[in-house]
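Undergrad: The structure's right below; bear with me while I get my questions together.
The values are calculated or read from the model by the stated rules, or taken from the named source; none is laboratory data. Model, not experiment: these values are computed from the prediction. Cβ: placed from backbone, ideal geometry, glycine included. Neighbour counts: every protein chain shown. Accessible surface is based on the protein model in full, side chains and every heavy atom, while ligands, DNA and RNA are left aside. Shrake-Rupley method; radii C 1.70, N 1.55, O 1.52, S 1.80 Å.
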Amino acid sequence: MTDSVAAPEPVIEVRDLTVHFPVRKGFIGRTVGHVRAVDGVDLAIRPGETLGLVGESGCGKTTLGRSIARILKPTGGEVRYRGPDGTVTDLATLGERALKPFQRQIRVVFQDPFSSLNPRMTLLQIVGEPLRANGIASGSELEHRVAEMLERVGLSPKYMNRYPHAFSGGERQRVNIARALILGPRVVIADEPVSALDVSVRAQILNLLRDLQEELKLTYLFVSHDLSVVENICDRVAVMYLGKIVEVADTAELYSSPRHPYTEALLSAVPRPDPRLRGAGRRIRLADDLPDPANPPPGCYFHTRCPYAVPGVCDIDGHGPVLTGTGPQHDAACLRTSELDLVGVASEPA
Ligand SMILES: Nc1ncnc2c1ncn2[C@@H]1O[C@H](COP(=O)(O)OP(=O)(O)OP(=O)(O)O)[C@@H](O)[C@H]1O
Ligand code: SF4
Ligand SMILES: [Mg+2]
(Lines give C-alpha, C1' and ligand atoms only; values in the text may rest on other atoms or scores of the structure.)
(Ligands and ions follow the chains in the order given, each with its own letter.)
Protein backbone atom coordinates (compact mmCIF):
# COMPACT_ATOMS: atom_id res chain seq x y z
CA MET A 1 0.00 0.00 0.00
CA THR A 2 1.34 3.50 -0.77
CA ASP A 3 0.73 6.87 0.79
CA SER A 4 -1.30 7.97 -2.20
CA VAL A 5 -3.91 5.27 -1.50
CA ALA A 6 -5.95 6.68 1.34
CA ALA A 7 -6.80 4.14 4.04
CA PRO A 8 -10.57 3.64 4.41
CA GLU A 9 -12.27 5.44 7.29
CA PRO A 10 -11.81 3.29 10.41
CA VAL A 11 -14.79 1.44 11.86
CA ILE A 12 -13.18 1.84 15.29
CA GLU A 13 -10.82 4.64 16.24
CA VAL A 14 -9.31 4.58 19.69
CA ARG A 15 -7.86 7.85 20.91
CA ASP A 16 -5.63 8.29 23.95
CA LEU A 17 -7.40 5.42 25.70
CA THR A 18 -6.49 4.67 29.31
CA VAL A 19 -7.66 1.92 31.65
CA HIS A 20 -6.33 2.12 35.20
CA PHE A 21 -7.09 -0.50 37.86
CA PRO A 22 -6.71 0.53 41.49
CA VAL A 23 -4.10 -1.34 43.54
CA ARG A 24 -5.54 -1.85 47.04
CA LYS A 25 -3.72 -2.75 50.22
CA GLY A 26 -4.50 -3.41 53.87
CA PHE A 27 -7.59 -4.33 55.82
CA ILE A 28 -9.78 -1.49 54.53
CA GLY A 29 -8.52 -1.81 50.95
CA ARG A 30 -6.88 1.60 50.72
CA THR A 31 -5.89 2.52 47.13
CA VAL A 32 -2.10 2.76 47.02
CA GLY A 33 -1.61 3.10 43.26
CA HIS A 34 -2.95 2.21 39.85
CA VAL A 35 -2.08 -0.48 37.32
CA ARG A 36 -1.90 1.32 33.98
CA ALA A 37 -3.19 -1.64 31.96
CA VAL A 38 -3.91 0.58 28.94
CA ASP A 39 -1.86 3.75 28.96
CA GLY A 40 -2.70 6.23 26.19
CA VAL A 41 -3.51 4.02 23.20
CA ASP A 42 -4.25 5.37 19.72
CA LEU A 43 -5.40 2.71 17.27
CA ALA A 44 -7.57 2.54 14.16
CA ILE A 45 -9.35 -0.61 12.97
CA ARG A 46 -10.34 -0.47 9.31
CA PRO A 47 -13.53 -2.02 7.92
CA GLY A 48 -13.12 -5.62 6.78
CA GLU A 49 -9.56 -6.02 8.01
CA THR A 50 -8.02 -8.39 10.54
CA LEU A 51 -5.86 -6.31 12.83
CA GLY A 52 -3.52 -8.39 15.00
CA LEU A 53 -2.73 -7.27 18.54
CA VAL A 54 0.42 -8.86 19.95
CA GLY A 55 2.63 -8.48 23.02
CA GLU A 56 3.77 -10.32 26.13
CA SER A 57 1.42 -11.60 28.80
CA GLY A 58 0.18 -8.74 30.98
CA CYS A 59 0.86 -5.95 28.44
CA GLY A 60 -2.85 -5.02 28.29
CA LYS A 61 -4.24 -6.76 25.18
CA THR A 62 -7.36 -8.19 26.83
CA THR A 63 -8.05 -4.97 28.70
CA LEU A 64 -7.80 -2.96 25.48
CA GLY A 65 -10.09 -5.42 23.64
CA ARG A 66 -12.65 -5.39 26.42
CA SER A 67 -12.73 -1.64 26.64
CA ILE A 68 -13.26 -1.36 22.88
CA ALA A 69 -16.22 -3.76 23.22
CA ARG A 70 -17.25 -1.70 26.28
CA ILE A 71 -17.46 -4.78 28.51
CA LEU A 72 -15.20 -2.59 30.59
CA LYS A 73 -15.46 1.17 31.07
CA PRO A 74 -12.24 2.98 30.21
CA THR A 75 -10.72 5.48 32.63
CA GLY A 76 -10.16 8.06 29.89
CA GLY A 77 -9.93 8.65 26.14
CA GLU A 78 -12.25 7.80 23.29
CA VAL A 79 -13.54 4.71 21.47
CA ARG A 80 -15.03 6.17 18.29
CA TYR A 81 -17.35 3.78 16.46
CA ARG A 82 -18.41 4.53 12.89
CA GLY A 83 -21.85 3.10 12.12
CA PRO A 84 -22.92 1.77 8.69
CA ASP A 85 -24.37 5.23 7.87
CA GLY A 86 -21.08 6.97 8.73
CA THR A 87 -22.25 8.37 12.07
CA VAL A 88 -19.45 8.39 14.64
CA THR A 89 -20.23 7.77 18.32
CA ASP A 90 -17.79 7.85 21.22
CA LEU A 91 -18.58 4.68 23.16
CA ALA A 92 -16.11 5.38 25.98
CA THR A 93 -18.43 7.63 27.91
CA LEU A 94 -21.86 6.20 27.03
CA GLY A 95 -24.13 5.03 29.83
CA GLU A 96 -25.45 1.48 29.94
CA ARG A 97 -28.71 2.17 28.18
CA ALA A 98 -27.28 4.20 25.31
CA LEU A 99 -24.56 1.60 24.90
CA LYS A 100 -26.87 -1.38 24.27
CA PRO A 101 -27.32 -1.05 20.49
CA PHE A 102 -23.57 -0.61 20.03
CA GLN A 103 -22.75 -3.67 22.12
CA ARG A 104 -24.62 -5.71 19.52
CA GLN A 105 -22.25 -4.38 16.86
CA ILE A 106 -19.01 -5.27 18.68
CA ARG A 107 -18.80 -8.78 20.13
CA VAL A 108 -16.03 -10.74 21.82
CA VAL A 109 -14.89 -14.36 21.35
CA PHE A 110 -13.15 -15.36 24.56
CA GLN A 111 -10.01 -17.41 24.88
CA ASP A 112 -11.04 -20.39 26.95
CA PRO A 113 -13.89 -22.44 25.47
CA PHE A 114 -14.10 -24.47 28.70
CA SER A 115 -14.63 -21.75 31.31
CA SER A 116 -16.52 -19.32 29.08
CA LEU A 117 -19.55 -21.59 28.52
CA ASN A 118 -22.00 -22.07 31.38
CA PRO A 119 -22.03 -25.85 32.04
CA ARG A 120 -25.69 -25.72 33.17
CA MET A 121 -26.99 -24.22 29.94
CA THR A 122 -27.71 -26.08 26.69
CA LEU A 123 -26.28 -24.90 23.37
CA LEU A 124 -29.72 -23.50 22.55
CA GLN A 125 -29.71 -21.43 25.74
CA ILE A 126 -26.08 -20.33 25.38
CA VAL A 127 -26.28 -19.23 21.76
CA GLY A 128 -29.87 -17.93 22.06
CA GLU A 129 -29.29 -15.94 25.25
CA PRO A 130 -28.17 -12.68 23.52
CA LEU A 131 -31.31 -12.82 21.32
CA ARG A 132 -33.51 -13.27 24.37
CA ALA A 133 -31.73 -10.66 26.50
CA ASN A 134 -32.01 -8.08 23.72
CA GLY A 135 -35.70 -8.89 23.12
CA ILE A 136 -34.95 -9.85 19.50
CA ALA A 137 -36.43 -13.35 19.36
CA SER A 138 -38.04 -16.00 21.55
CA GLY A 139 -39.71 -19.41 21.21
CA SER A 140 -39.56 -21.10 17.83
CA GLU A 141 -38.11 -18.02 16.11
CA LEU A 142 -35.17 -18.07 18.55
CA GLU A 143 -34.72 -21.78 18.02
CA HIS A 144 -34.73 -21.33 14.26
CA ARG A 145 -32.07 -18.60 14.43
CA VAL A 146 -29.87 -20.65 16.78
CA ALA A 147 -30.13 -23.69 14.47
CA GLU A 148 -29.12 -21.54 11.51
CA MET A 149 -26.14 -20.09 13.37
CA LEU A 150 -24.99 -23.49 14.65
CA GLU A 151 -25.01 -24.77 11.11
CA ARG A 152 -23.03 -21.76 9.96
CA VAL A 153 -20.25 -22.50 12.44
CA GLY A 154 -20.16 -26.19 11.48
CA LEU A 155 -22.25 -27.74 14.28
CA SER A 156 -25.32 -29.88 13.78
CA PRO A 157 -28.47 -28.22 15.18
CA LYS A 158 -29.69 -31.61 16.37
CA TYR A 159 -27.30 -31.27 19.34
CA MET A 160 -28.72 -27.94 20.49
CA ASN A 161 -30.32 -29.43 23.60
CA ARG A 162 -27.03 -30.87 24.84
CA TYR A 163 -24.75 -29.30 27.46
CA PRO A 164 -21.18 -28.06 26.78
CA HIS A 165 -19.50 -31.03 28.52
CA ALA A 166 -20.60 -33.26 25.62
CA PHE A 167 -18.39 -31.31 23.20
CA SER A 168 -14.67 -31.09 22.40
CA GLY A 169 -12.60 -27.91 22.79
CA GLY A 170 -12.88 -27.10 19.10
CA GLU A 171 -16.66 -27.62 19.12
CA ARG A 172 -17.02 -25.44 22.21
CA GLN A 173 -15.08 -22.69 20.50
CA ARG A 174 -17.52 -22.96 17.59
CA VAL A 175 -20.32 -22.45 20.14
CA ASN A 176 -18.49 -19.39 21.47
CA ILE A 177 -18.23 -18.02 17.94
CA ALA A 178 -21.93 -18.72 17.30
CA ARG A 179 -22.83 -16.81 20.48
CA ALA A 180 -20.67 -13.88 19.40
CA LEU A 181 -22.22 -13.76 15.91
CA ILE A 182 -25.90 -14.38 16.70
CA LEU A 183 -26.63 -10.66 17.05
CA GLY A 184 -25.10 -9.88 13.65
CA PRO A 185 -22.12 -7.76 14.78
CA ARG A 186 -19.85 -5.82 12.42
CA VAL A 187 -16.75 -6.03 14.61
CA VAL A 188 -15.47 -9.13 16.43
CA ILE A 189 -12.75 -9.03 19.05
CA ALA A 190 -11.20 -12.49 19.09
CA ASP A 191 -9.12 -12.74 22.27
CA GLU A 192 -6.63 -15.59 21.81
CA PRO A 193 -9.38 -17.65 20.12
CA VAL A 194 -7.21 -20.70 19.42
CA SER A 195 -4.50 -20.69 22.08
CA ALA A 196 -6.40 -23.01 24.45
CA LEU A 197 -7.03 -25.54 21.65
CA ASP A 198 -5.07 -28.57 20.47
CA VAL A 199 -2.77 -27.76 17.58
CA SER A 200 -4.76 -30.18 15.40
CA VAL A 201 -7.98 -28.12 15.65
CA ARG A 202 -6.44 -24.63 15.57
CA ALA A 203 -6.31 -24.49 11.77
CA GLN A 204 -9.99 -25.52 11.54
CA ILE A 205 -11.11 -22.71 13.85
CA LEU A 206 -8.88 -20.17 12.06
CA ASN A 207 -10.34 -21.25 8.72
CA LEU A 208 -13.84 -20.94 10.13
CA LEU A 209 -13.08 -17.40 11.36
CA ARG A 210 -11.71 -16.50 7.93
CA ASP A 211 -14.74 -17.94 6.09
CA LEU A 212 -17.17 -16.17 8.42
CA GLN A 213 -15.31 -12.90 7.92
CA GLU A 214 -15.74 -13.13 4.19
CA GLU A 215 -19.35 -14.32 4.33
CA LEU A 216 -20.54 -11.81 6.93
CA LYS A 217 -18.17 -8.90 6.05
CA LEU A 218 -16.71 -8.83 9.55
CA THR A 219 -13.88 -6.73 10.94
CA TYR A 220 -11.57 -8.52 13.39
CA LEU A 221 -9.31 -7.44 16.18
CA PHE A 222 -7.29 -10.61 16.63
CA VAL A 223 -5.48 -10.80 19.97
CA SER A 224 -2.67 -13.34 20.10
CA HIS A 225 0.81 -14.02 21.33
CA ASP A 226 1.46 -16.50 18.52
CA LEU A 227 3.32 -14.51 15.88
CA SER A 228 3.18 -17.33 13.33
CA VAL A 229 -0.63 -17.42 13.47
CA VAL A 230 -0.77 -13.62 13.31
CA GLU A 231 1.49 -13.56 10.24
CA ASN A 232 -0.87 -15.98 8.51
CA ILE A 233 -4.19 -14.36 9.18
CA CYS A 234 -3.71 -10.64 9.90
CA ASP A 235 -3.66 -7.78 7.39
CA ARG A 236 -1.99 -5.41 9.84
CA VAL A 237 -0.40 -5.85 13.24
CA ALA A 238 -0.20 -3.62 16.32
CA VAL A 239 2.48 -4.39 18.90
CA MET A 240 1.71 -3.57 22.53
CA TYR A 241 4.18 -3.06 25.37
CA LEU A 242 3.25 -2.12 28.93
CA GLY A 243 -0.10 -0.57 28.03
CA LYS A 244 1.09 1.27 24.91
CA ILE A 245 1.08 0.53 21.18
CA VAL A 246 4.74 0.72 20.15
CA GLU A 247 4.44 -0.22 16.49
CA VAL A 248 1.73 -0.72 13.86
CA ALA A 249 2.10 -1.61 10.18
CA ASP A 250 0.92 -3.94 7.42
CA THR A 251 1.83 -7.51 8.37
CA ALA A 252 4.44 -8.18 5.66
CA GLU A 253 6.07 -4.79 6.25
CA LEU A 254 6.19 -5.21 10.04
CA TYR A 255 7.65 -8.72 9.81
CA SER A 256 10.29 -7.82 7.24
CA SER A 257 11.21 -4.31 8.44
CA PRO A 258 10.39 -3.74 12.12
CA ARG A 259 10.99 -0.18 13.33
CA HIS A 260 10.82 -0.84 17.07
CA PRO A 261 13.40 -2.86 19.03
CA TYR A 262 10.65 -4.67 20.95
CA THR A 263 9.09 -5.90 17.69
CA GLU A 264 12.54 -7.03 16.52
CA ALA A 265 12.96 -9.04 19.73
CA LEU A 266 9.49 -10.64 19.41
CA LEU A 267 10.15 -11.54 15.77
CA SER A 268 13.49 -13.11 16.59
CA ALA A 269 11.55 -15.86 18.39
CA VAL A 270 9.47 -16.74 15.30
CA PRO A 271 10.74 -20.07 13.94
CA ARG A 272 12.01 -19.90 10.34
CA PRO A 273 12.70 -23.21 8.57
CA ASP A 274 15.26 -21.79 6.12
CA PRO A 275 18.47 -20.70 7.93
CA ARG A 276 19.49 -18.52 4.94
CA LEU A 277 16.58 -16.16 5.59
CA ARG A 278 17.48 -12.85 7.16
CA GLY A 279 16.95 -13.04 10.90
CA ALA A 280 16.66 -16.85 11.01
CA GLY A 281 18.40 -18.38 14.01
CA ARG A 282 19.15 -14.99 15.61
CA ARG A 283 17.30 -14.95 18.93
CA ILE A 284 17.22 -11.73 20.97
CA ARG A 285 16.71 -12.57 24.62
CA LEU A 286 15.17 -9.70 26.54
CA ALA A 287 16.54 -9.00 29.99
CA ASP A 288 14.19 -9.22 32.98
CA ASP A 289 10.44 -9.53 33.02
CA LEU A 290 7.89 -6.93 32.01
CA PRO A 291 8.21 -3.97 34.45
CA ASP A 292 5.40 -3.38 36.95
CA PRO A 293 2.57 -1.60 35.05
CA ALA A 294 1.69 0.19 38.32
CA ASN A 295 5.14 1.76 38.29
CA PRO A 296 6.41 2.06 34.69
CA PRO A 297 10.00 3.21 34.05
CA PRO A 298 10.63 6.88 33.13
CA GLY A 299 11.08 7.89 29.48
CA CYS A 300 10.64 5.01 27.05
CA TYR A 301 8.91 2.21 28.96
CA PHE A 302 11.08 -0.30 27.09
CA HIS A 303 14.45 1.22 28.05
CA THR A 304 15.07 -1.20 30.95
CA ARG A 305 15.18 -4.11 28.46
CA CYS A 306 16.11 -2.49 25.16
CA PRO A 307 19.47 -3.54 23.66
CA TYR A 308 19.71 -0.13 21.91
CA ALA A 309 18.79 2.10 24.89
CA VAL A 310 21.02 5.16 25.38
CA PRO A 311 21.26 6.51 28.95
CA GLY A 312 20.36 10.17 29.09
CA VAL A 313 18.23 9.83 25.93
CA CYS A 314 15.78 6.98 26.40
CA ASP A 315 15.22 7.28 30.15
CA ILE A 316 14.31 10.94 30.59
CA ASP A 317 11.08 11.35 32.53
CA GLY A 318 8.37 13.05 30.49
CA HIS A 319 10.26 12.55 27.20
CA GLY A 320 9.12 9.07 26.21
CA PRO A 321 8.60 8.36 22.50
CA VAL A 322 5.19 8.72 20.90
CA LEU A 323 3.76 6.68 18.02
CA THR A 324 4.91 8.49 14.86
CA GLY A 325 4.86 7.78 11.13
CA THR A 326 8.16 6.19 10.03
CA GLY A 327 7.11 5.27 6.51
CA PRO A 328 3.98 4.58 4.47
CA GLN A 329 1.34 3.16 6.83
CA HIS A 330 4.06 2.32 9.35
CA ASP A 331 4.14 3.90 12.82
CA ALA A 332 6.59 3.27 15.64
CA ALA A 333 7.31 4.76 19.07
CA CYS A 334 11.11 4.76 19.40
CA LEU A 335 13.38 7.78 19.77
CA ARG A 336 16.13 6.07 17.74
CA THR A 337 14.05 4.43 15.03
CA SER A 338 15.69 6.34 12.14
CA GLU A 339 19.25 5.41 13.25
CA LEU A 340 18.63 1.69 13.80
CA ASP A 341 18.84 -1.06 11.18
CA LEU A 342 16.56 -3.59 12.80
CA VAL A 343 16.24 -7.14 11.53
CA GLY A 344 12.93 -8.76 10.74
CA VAL A 345 12.03 -12.13 9.35
CA ALA A 346 12.13 -11.65 5.59
CA SER A 347 10.69 -14.27 3.29
CA GLU A 348 13.52 -13.70 0.77
CA PRO A 349 17.08 -15.01 1.27
CA ALA A 350 19.32 -12.16 2.57
N1 LIG B 1 -9.61 -6.47 36.85
C2 LIG B 1 -8.32 -6.17 37.05
N3 LIG B 1 -7.90 -5.61 38.22
C4 LIG B 1 -6.60 -5.28 38.42
N5 LIG B 1 -5.63 -5.46 37.50
C6 LIG B 1 -5.97 -6.01 36.32
C7 LIG B 1 -7.32 -6.40 36.03
N8 LIG B 1 -7.36 -6.94 34.78
C9 LIG B 1 -6.08 -6.88 34.31
N10 LIG B 1 -5.26 -6.33 35.25
C11 LIG B 1 -3.82 -6.07 35.07
O12 LIG B 1 -3.68 -5.27 33.92
C13 LIG B 1 -2.53 -5.66 33.17
C14 LIG B 1 -2.94 -6.04 31.78
O15 LIG B 1 -3.70 -7.25 31.83
P16 LIG B 1 -4.34 -7.93 30.54
O17 LIG B 1 -5.09 -9.13 31.00
O18 LIG B 1 -5.08 -6.91 29.75
O19 LIG B 1 -3.03 -8.39 29.73
P20 LIG B 1 -2.91 -9.35 28.46
O21 LIG B 1 -1.96 -8.68 27.53
O22 LIG B 1 -4.25 -9.70 27.94
O23 LIG B 1 -2.19 -10.64 29.08
P24 LIG B 1 -2.34 -12.20 28.62
O25 LIG B 1 -1.49 -12.34 27.37
O26 LIG B 1 -1.75 -12.94 29.79
O27 LIG B 1 -3.77 -12.50 28.39
C28 LIG B 1 -1.87 -6.78 33.98
O29 LIG B 1 -0.88 -6.21 34.80
C30 LIG B 1 -3.01 -7.33 34.79
O31 LIG B 1 -2.53 -7.91 35.99
S1 SF4 C 1 13.44 4.87 22.62
FE2 SF4 C 1 15.41 4.01 23.25
S3 SF4 C 1 14.86 2.45 24.78
FE4 SF4 C 1 13.00 2.96 23.68
S5 SF4 C 1 12.87 1.45 22.07
FE6 SF4 C 1 13.93 3.22 21.20
S7 SF4 C 1 16.11 2.82 21.52
FE8 SF4 C 1 14.98 1.41 22.82
MG1 LIG D 1 -5.26 -11.52 27.67
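Undergrad: Would you pull out the residues with amide H under 5 Å of THR326's amide H, same chain only if 5 or more places away, H placed 1.01 Å from N?
TA: Under 5 Å from the amide H of THR326 lie the amide H atoms of ASP331, ALA332, each far enough along the sequence or on another chain.
Undergrad: Also, I was wondering about something else. Return the calculated 222 nm mean residue ellipticity for the chain, to the nearest 500 deg cm²/dmol, obtained by summing -39500 (n - 2.57) across DSSP H runs with n ≥ 4 and dividing by the residue count.
TA: -8000 deg cm²/dmol
Undergrad: Can you send over the carbon and sulfur percentage of the accessible area for the range 3-138, probe radius 1.4 Å, protein chains only?
TA: Looking at the range 3-138 in its full context, I get 50 percent from C and S.
Undergrad: With an 8 Å Cα cut-off and a minimum separation of 6 or more residues, compute the relative contact order for the chain in percent.
TA: For the chain, the relative contact order is 19 percent.
Undergrad: Further question: I'd like the Karplus ³J(HN,Hα) series for the range 140-150: coefficients 6.51, -1.76, 1.60, θ = phi - 60°, whole numbers in Hz, and an x wherever there's a Gly or Pro.
TA: 6, 5, 5, 4, 4, 5, 5, 4, 4, 5, 4
Undergrad: Next question, about the same structure. Rolling a 1.4 Å sphere over the protein heavy atoms, what is the accessible area per residue of the chain, to the nearest Å²?
TA: Roughly 48 Å² per residue, with all protein chains present.
Undergrad: Please give me the summed charge of the neighbours of PRO10: other residues whose Cβ is under 9 Å from its Cβ, Lys and Arg +1, Asp and Glu -1.
TA: Spelling it out: positives minus negatives among the neighbours equals +1.
Undergrad: Oh, and also: Can you work out ³J(HN,Hα) from phi for every residue in the range 235-244, in order, using Karplus 6.51 cos²θ - 1.76 cosθ + 1.60 and θ = phi - 60°, giving whole Hz and x for Gly and Pro?
TA: Values, residue by residue: 7, 9, 9, 10, 9, 10, 9, 6, x, 10 Hz.
Undergrad: Amide H of GLY52: which non-local residues (sequence gap of 5 or more, or other chain) have their own amide H closer than 5 Å, using H built in the peptide plane?
TA: Sorted by chain and number, the residues that satisfy this are PHE222, ASP235, ARG236, VAL237, ALA238.
Undergrad: Please give me, ordered by residue number, the chymotrypsin sites (Phe, Trp or Tyr not before Pro) of the range 11-106 that lie in loop per DSSP and have at most 15 other Cβ atoms within 10 Å.
TA: Those that pass, being in a loop and sparsely packed, are PHE27.
Undergrad: What percentage of the solvent-accessible surface of the range 260-350, computed with a 1.4 Å probe over protein heavy atoms, is contributed by carbon and sulfur atoms?
TA: Looking at the range 260-350 in its full context, I get 51 percent from C and S.
Undergrad: For VAL109, what residues show an amide H to amide H distance below 5 Å, using hydrogens built from the backbone and excluding near sequence neighbours?
TA: ILE189, ALA190, ASP191
Undergrad: To the nearest 10 square angstrom, what accessible area does LYS217 show with a 1.4 Å probe?
TA: LYS217 exposes around 150 Å² with every protein chain in place.
Undergrad: Run through every distinct alpha carbon pair of the range 33-176 and return the Kirkwood hydrodynamic radius in angstroms, one decimal place.
TA: For the range 33-176, inverting the mean 1/r across all distinct Cα pairs yields 17.5 Å.
Undergrad: Using Cα atoms only, what is the angle between the long axis of helix 199-216 and the major principal axis of the chain, expressed in degrees (0 to 90) to the nearest 10?
TA: Helix 199-216 sits roughly 80 degrees off the main axis of the chain.
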